[in-house]
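Chemist: Please read through the structure below; I'll follow up with questions.
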Amino acid sequence: MSLTIKSHFASRTYLSFTTKPSRFTGYNTKIRPNSIYHFNPLRLTYYQPKKMQAPVQYSPAPLIKSSLIEPDGGALVDLVVPEGERGAKTIEAESLPKVRLTKIDVEWVHVISEGWANPLKGFMREDEYLQSLHFSSLRLKDGYVVNMSLPIVLAIDDETKERIGSSSHVGLVGPDGDLIAILRSIEIYKHNKEERIARTWGTTAPGLPYVEEVITPAGNWLIGGDLEVLKPIKYNDGLDHYRFSPKQLRKEFDRRNADAVFAFQLRNPVHNGHALLMNDTRRRLLEMGFKNPILLLHPLGGFTKADDVPLDVRMEQHSKVLEDGVLDPETTIVAIFPSPMHYAGPTEVQWHAKARINAGANFYIVGRDPAGMGHPTEKRDLYDPDHGKKVLSMAPGLEKLNILPFRVAAYDIVAKKMAFFDPSRAKDFLFISGTKMRTYARTGENPPDGFMCPGGWEVLVKYYESLQAEEATQQPAAVSS
């Protein structure tokens, strides 16, 4: 087992380890009232590097950025109106022309307001949109380039555009009618859907989940401007205590004296193969000289496609993984990343990595076909499974992030556990896809011993049992109608 260092740019460190929302409301999840790691808001500990007492001889090592790297563009934005100003701002918002938001629009307001898209301060105006769409980056006024691979935009229809008229500001209204924010100094421009889809996904084939859910039914205009969010976005779904902002995560990394933070993005339940690579990554960081690497286990919490496991079920499953000792709660932070999912492969994985920079992670784990999916009309992957990690190693604006491509894990039928795949004995390994895992759970068939911790697997089985029960109760009603 060896550690290979590859330098692609003068400022890029690339590390490669080489070797031979629930649709079902009736499911009763048991979410902890507090986070699954310990946090005492009254205890603040700041990391003080120890002074060297005598010269020490070091062997040559790669230059690796410390944890808590600078957010893109400098200080994190905080677009939530201070509490003392909310009354006056709300009265002003009520007097403005209104734009009604969808649930996914609100998720983007959440993302922007907390600084995940730093230094973006609102929905994109046209110049930002074009840079994002064509260059996957934004050039700031000082010449600094930040990655921005996904356009973050707000669509409106002809009627709304007409209602706005010549107003410079608009009020943003949530799906339930509550005022969410003010969008200031607005700019309205054409929404060329075909161009947006083609450049973001590399195809205009029918069946792309985000396109069908968000873009196809959207209006023909985009409206950009600066956001002022009237109060913090809350979902009241029993999971808000997992929704840590970048600023809160950075404070927690400080409290834990983290000298490296490695982020793992996922939208599926955690199996022992995931745990193997996360634990192995921490071990390797320790071998490289870090004293306290912290894992940010960061499941995506926004829009996902219909057949993905819902967020509430995934969060309960993740908590069981820590309860069963598969991951160490003392060196793991579990939090929700509020972004919607595009399934846009190498384009989207840049967004996932960039957002974790703003949260303070200086290492990002990337695997096979990140943010990918099957082709919607053909029996093949939509993207080359290796392109995501290759793109991350070259993407503009991500030079300060250390990319950790992980090795493929599969079920070793000899050792009866998840292990790193060994091509020399390929016949001894069983690959269990997400589809296969869901089939096991749906049919009540147990996966091989050692694939997933028992507590985590029980959560999935109960969810699919409840889902089937709901489908069974709906079927007679559909027939009778």
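Chemist: Hey, can you tell me all the residues within the stretch 102-122 that are aliphatic (A, V, I, L, M) and within 21 Å of residue 305 (Cβ to Cβ)?
Modeler: 104, 106, 111
Chemist: Filter the stretch 275-306 down to residues that are in a loop (DSSP other than H, G, I, E, B) and under 18 Å from the mean Cα position of the chain (by Cα) and give me whichever is surrounded by the most Cβ atoms within 10 Å (Cβ to Cβ).
Modeler: Across the stretch 275-306, the extreme among qualifying residues is 301.
Chemist: Among the residues of the stretch 291-310, count how many are in contact with a strand residue (DSSP E or B) (Cβ under 7 Å, 6 or more places away or on another chain) and either within 22 Å of residue 373 (Cα to Cα) or modelled with pLDDT under 95 (or both).
Modeler: Residues that pass the stated criteria total 5.
Chemist: Of these, 198, 258, 205, 263, which one is within 22 Å of residue 343 (Cα to Cα) and assigned to a loop (DSSP other than H, G, I, E, B)?
Modeler: The unique qualifying residue is 205.
Chemist: How many residues, within the stretch 396-441, are closer than 20 Å to residue 386 by Cβ, in a loop (DSSP other than H, G, I, E, B) and open to solvent by less than 50 Å² (accessible area, probe 1.4 Å)?
Modeler: 4
Chemist: Run down 395, 306, 335 and say which single residue is among the hydrophobic types (A, V, I, L, M, F, W, C) and farther than 24 Å from residue 463 by Cβ.
Modeler: Only one candidate passes the filter, namely 395.
Chemist: If you don't mind, another one. Looking only at the stretch 213-240, how many residues end up being open to solvent by less than 60 Å² (accessible area, probe 1.4 Å), farther than 13 Å from residue 301 by Cα and in a helix (DSSP H, G or I)?
Modeler: Here the count works out to 2.
Chemist: Right, here's the next one. Looking at (1) at pLDDT 95 or above; (2) outside the structural domain of residue 184 (by the TED database), which is the only condition residue 268 fails?
Modeler: (1) is the only condition that residue 268 fails.
Chemist: Would you mind stating whether residue 120 is in contact with a His (Cβ under 7 Å, 6 or more places away or on another chain), of a type outside the set (Val, Ile, Thr) and in a loop (DSSP other than H, G, I, E, B)?
Modeler: Criteria not met by residue 120.
Chemist: Here is a check on your reading of the model: is residue 112 of a type in the set (A, V, I, L, M, F, W, C) and more than 27 Å from residue 211 (Cβ to Cβ)?
Modeler: The answer is no for residue 112.
So that you can scan it fast, the table gives a plain yes or no per residue for (1) surrounded by fewer than 22 Cβ atoms within 10 Å (Cβ to Cβ); (2) within 20 Å of residue 173 (Cβ to Cβ); (3) of a type outside the set (A, V, I, L, M, F, W, C):
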{"residue": "86", "(1), (2), (3)": "yes, yes, yes"}
{"residue": "90", "(1), (2), (3)": "yes, yes, yes"}
{"residue": "99", "(1), (2), (3)": "no, yes, no"}
{"residue": "109", "(1), (2), (3)": "no, yes, no"}
{"residue": "115", "(1), (2), (3)": "no, no, yes"}
{"residue": "122", "(1), (2), (3)": "no, yes, yes"}
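Chemist: Cβ contacts < 7 Å: first residue open to solvent by less than 20 Å² (accessible area, probe 1.4 Å), restricted to the stretch 193-212; second residue among the small types (Gly, Ala, Ser), any location; separation 6+ or different chain. Result?
Modeler: Cβ pairs passing all conditions: 200/344; 201/344.
Chemist: Another question, if that's okay. Pick out the one residue from 372, 367, 456 that is modelled with pLDDT of 95 or more, among the small types (Gly, Ala, Ser) and open to solvent by less than 30 Å² (accessible area, probe 1.4 Å).
Modeler: 456 is the lone residue from the list that is modelled with pLDDT of 95 or more, among the small types (Gly, Ala, Ser) and open to solvent by less than 30 Å² (accessible area, probe 1.4 Å).
Chemist: Taking the condition outside any loop (DSSP other than H, G, I, E, B) and polar (S, T, N, Q), does residue 347 pass?
Modeler: Criteria met by residue 347.
Chemist: In the list 316, 348, which residue meets the criterion of being under 15 Å from residue 267 (Cα atoms) and in contact with a helix residue (DSSP H, G or I) (Cβ under 7 Å, 6 or more places away or on another chain)?
Modeler: None of the other options fit; the residue is 316.
The values are calculated or read from the model by the stated rules, or taken from the named source; none is laboratory data. These figures come from a predicted structure and were not determined experimentally. Cβ coordinates were reconstructed from backbone atoms using ideal geometry, including for glycine residues, and neighbour counts include every protein chain displayed. SASA here: full protein model, heavy atoms, side chains in, ligands and nucleic acids out. Shrake-Rupley method; radii C 1.70, N 1.55, O 1.52, S 1.80 Å.
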